[in-house]
Amino acid sequence: MARIAGVNIPTNKRVLIALQYIHGIGQAKAREITAKVNIPAERRVNELTDSEVIQIREVIDRDYMVEGDLRRETAMNIKRLMDLGCYRGLRHRRGLPVRGQRTHTNARTRKGPAKAIAGKKK
């Protein structure tokens, strides 16, 4: 099992798919990385040589922000909005949708499970 950017990537998957297990690397960035290292798209992780794994690791460390650093930066951006007291920061603080979605109905993912209201009988 190859370990890249602190993540154990699955060995039996193609490199393009396995790289996406790293937080911050999607399909497009995985394609860029494999192109930079000159790895064919159909190659699987267990077929990679040690030097290719090291090359992938170096490219990711040098060119991309992934895993802990990315999570930390995202958390700091949200914290900055909350400290400013701007509208988006207030929505984050209250656990409500941030990007203008309706909350009268829906928004259950952000608000959590529905709470029963006492005395709401007909």
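The values are calculated or read from the model by the stated rules, or taken from the named source; none is laboratory data. Just so it is clear, the structure is predicted and the values come from calculations on it, not from any experiment. All Cβ positions, glycine included, derive from the backbone under ideal geometry; neighbour counts span all protein chains shown. Heavy atoms of the whole protein, side chains included, go into the accessibility calculation; ligands, DNA and RNA do not. Shrake-Rupley method; radii C 1.70, N 1.55, O 1.52, S 1.80 Å.
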Rg to Rh, two decimals, where the stretch 1-91 supplies the alpha carbon set and Rh follows Kirkwood
1.13
Charged-residue dipole, Cβ positions (Lys, Arg, Asp, Glu), the chain about Cα centre, Debye nearest 20
1660 debye
On the accessible surface of the stretch 17-122, probed at 1.4 Å with all protein chains in place, carbon and sulfur together account for a percent value of 51 percent
Cleavage-rule hits (GluC sites (Glu not before Pro)) in the stretch 22-105: DSSP loop, at most 15 neighbouring Cβ within 10 angstrom
GLU42
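Just want to confirm a number: the relative contact order over the chain, from Cα pairs under 8 angstrom separated by 6+ residues, in percent.
On the way: 115 pairs, mean separation 22.0, N = 122.
Over the chain, the number comes to 18 percent.
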Approximate spin-label separation ARG94-HIS23, in nm, with each point projected 7 Å along Cα-to-Cβ
2.8 nm
Efficiency by 1/(1 + (r/R0)^6): what FRET value for SER51 and MET76, r their Cβ-Cβ distance, R0 = 41 Å, to the nearest 0.05?
0.70
Yeah, the stretch 1-53 with a ≥ b ≥ c from its alpha-carbon gyration tensor (a/c under 1.5 is rounded, else prolate when a/b outruns b/c, oblate otherwise) is rounded
